[in-house]
Amino acid sequence: MVTRGFTGRNSAGDQLDRIPPGQHLVEHFPVLTAGPTPRVETADWKFTLKIGPRTIKVWNWNEFNALPKTKMTRDIHCVTSWSKLNTAWEGVIVDDILADAGIERPSDFVLAHSYDGYSTNVPLADLASGKAMVALNYEGQPLARDHGGPARLLVPHLYFWKSAKWLNALQFTERDEAGFWELRGYHIYGDPWREQRYTDD
Amino acid sequence: MTEGGARPASWQTCTIARIIQQTPSIKSFFLRLNEPFVHVAGQHVDVRLTAPDGYVALRSYSIASSPSASNVIELAIERLPDGEVSPFFHDFAAVGDEIELRGPLGGHFLWPERSTAPVLLIGAGSGVVPLMAMIRQRRDLAQTAPTALLLSSRTRRDVLFADELLSLETADPTFKLALAITREAPVRACDFGRRIDNAMVAELIARLRHMPAHVFICGSNPFVEIAADGALMAGLDAAVIKTERYGG
């Protein structure tokens, strides 16, 4: 249905093919969080890899930073309809985390957990093969607190609620288990190019 | 299972029934739904505008009206100077126009309907919109959970729903209102003439006379950061603090 009088800004020009349907470009970096911003010091930070309830490996900040670092520049898309192009990140890709723990593919599904009790589910196929990282830097600087610092998940090809801030664990699960927003009406997978915003989209 | 009625609805067409200029920068749009729904105060709708060339713009707007209202919902939309959708609403949209929306959406920032525990609401500018739905639902259901609203605005003219909030406070001893006016001196003794800070949040909690069991904060990210830190410093548990931050 055409909306009377609406023309749209259409400012994206030659970048239009990089913007999923219903998204608009932003230059700034909006912050959207369901609760207060946790204060996590790197000295206290720990990252745990689990298979079900079983802990496989725990890294402290220094141990985690000793893992191979990878840079990644990607477009990101928030379900609230903003997209941001060419965001530059540095961190540890999930493949390198699994390799350091000596595991390959214990199950097909992963739940990401955060210091504030947040969680989100991502299939392993969407984390592995260099698709996703635990990001420690953004635009050459340590990740800001309100963007998830000291460490967040980065799964740039899915809606950004999958890129859990203040990450403290990845947990392999037998089934695809819904996380925080997935239990509250958001899509179980969240592909921006298919506009999978809400449960039945 | 969801916390509330978060099951997403499909797109529907609604009609603009009434437009009211609320403040210099905010207008209320009353939309008559073709497919009426009952929402939970705090929920939002997604609005979809389509240009003749097929370009689609999507935005989320909190519902300001009480769920018990009718098949008309109220959205209070602030005109953002370099916006794309809000200038359309302010400058072009007219009574009788059809708008596409879906809702109700959102399963987290929800008024605890059955709770009688004290509630602290903190908003800035149009961030009062989902909080207003909560206050109106509380009034319509004759709920008496002690509730305080701290509302920050630039000037008194910018206070959204000012008349309704002031008369509600007069009528209901269990509802406390405090305005934080950042660019003018406050008129009432219970208001503040400065930007929000930790002490202000602590004072609101003291006026509630109980530690709130639910805190809802809505506004820009810097505002929400200060308000949430203030609530944490006042001894509240992070788990009771729900935030909504305006994105892009």
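The values are calculated or read from the model by the stated rules, or taken from the named source; none is laboratory data. What you see is a predicted model, and the numbers here were worked out from it, not measured in a lab. Note that we place each Cβ from the backbone using ideal geometry, even for glycine, and neighbour counts take in every protein chain shown. Ligands, DNA and RNA are stripped out before the accessible areas are found, and what is left, the full protein with its side chains, is counted by its heavy atoms. Shrake-Rupley method; radii C 1.70, N 1.55, O 1.52, S 1.80 Å.
Could you please let me know if A:T7 is open to solvent by less than 20 Å² (accessible area, probe 1.4 Å) and either within 14 Å of chain B (Cβ to nearest Cβ) or among the aliphatic types (A, V, I, L, M) (or both)? So A:T7 fails the test. Considering only the stretch A:72-126, state which residues are within 14 Å of chain B (Cβ to nearest Cβ) and either on the phi > 0 side of the Ramachandran plot or in a loop (DSSP other than H, G, I, E, B) (or both). Selection gives A:C78, A:V79, A:T80, A:S81, A:Y115, A:D116, A:G117, A:Y118. Taking the condition on the phi < 0 side of the Ramachandran plot, touching a residue at least 12 places away in the same chain (Cβ under 8 Å) and outside any helix (DSSP H, G or I), does B:L101 pass? Answer is yes for this residue. As for the stretch B:173-189, it holds at least one residue that is polar (S, T, N, Q), within 16 Å of B:V119 (Cα to Cα), away from every other protein chain (no Cβ under 14 Å) and not in a strand (DSSP E or B). For the stretch B:54-65, filtered to residues that are open to solvent by 10 Å² or more (accessible area, probe 1.4 Å) and more than 11 Å from the chain's Cα centre (by Cα), the residue that is nearest to B:M132 (Cα to Cα) is B:S60. Within the stretch B:61-90, being out of contact with any strand residue (DSSP E or B) (no Cβ under 9 Å at 6 or more places or on another chain) and acidic (D, E) holds for one residue alone: B:D82. Within the stretch B:46-65, residues that are closer than 26 Å to B:R138 by Cα and in the same structural domain as B:S10 (by TED's automatic domain parsing) sit with their Cβ atoms under 6 Å from residues that are among the β-branched types (V, I, T) and open to solvent by 20 Å² or more (accessible area, probe 1.4 Å), at 6+ positions apart or across chains, in these pairs: B:S60/A:T80.
Out of the stretch A:127-170, which residues are part of a strand (DSSP E or B) and either within 14 Å of chain B (Cβ to nearest Cβ) or open to solvent by 30 Å² or more (accessible area, probe 1.4 Å) (or both)? The answer is A:N137, A:Y138, A:Q141, A:P142, A:N168. The single residue among B:L120, B:L110, B:L75, B:L80 that is out of contact with any Cys (no Cβ under 8 Å at 6 or more places or on another chain), open to solvent by less than 20 Å² (accessible area, probe 1.4 Å) and in a loop (DSSP other than H, G, I, E, B) turns out to be B:L110.
Of all residues in the stretch B:197-248, those being among the aromatic types (F, W, Y), open to solvent by 10 Å² or more (accessible area, probe 1.4 Å) and either in contact with a Phe, Trp or Tyr (Cβ under 7 Å, 6 or more places away or on another chain) or facing another protein chain (nearest Cβ under 9 Å) (or both) number 1.
Condition test on A:V40, is it open to solvent by less than 20 Å² (accessible area, probe 1.4 Å) and in contact with a Phe, Trp or Tyr (Cβ under 6 Å, 6 or more places away or on another chain)? No: the conditions fail for A:V40. Being in a loop (DSSP other than H, G, I, E, B) and open to solvent by 10 Å² or more (accessible area, probe 1.4 Å) is the filter here; which residues of the stretch A:43-61 pass it? Correct list: A:A43, A:D44, A:G52, A:P53. Close contacts from the stretch A:18-36, counting a first residue that is more than 7 Å from every other protein chain (Cβ to nearest Cβ) and a second that is modelled with pLDDT of 95 or more and outside any loop (DSSP other than H, G, I, E, B), with Cβ to Cβ under 6 Å and a gap of 6+ residues or different chains, come to A:R18/A:D75; A:I19/A:S83; A:P20/A:H77; A:P20/A:P192; A:P20/A:W193; A:Q23/A:H77; A:Q23/A:S83; A:L25/A:S83. Just one of the listed residues (B:L166, B:L151, B:L160, B:L179) is free of Cβ contacts under 8 Å to residues at least 40 places away in the same chain, open to solvent by less than 10 Å² (accessible area, probe 1.4 Å) and either of a type in the set (V, I, T) or over 28 Å from A:G117 (Cβ atoms) (or both), namely B:L151. The one condition from (1) within 12 Å of chain A (Cβ to nearest Cβ); (2) closer than 30 Å to B:T155 by Cα that B:E98 does not meet is (2). Pairs linking a residue in the stretch B:7-35 that is under 15 Å from B:F161 (Cβ atoms) to a residue that is of a type in the set (S, T, N, Q) and part of a strand (DSSP E or B), with Cβ atoms under 6 Å and 6 or more positions apart or on different chains, are B:I20/B:S28; B:Q22/B:S28; B:K27/B:Q21.
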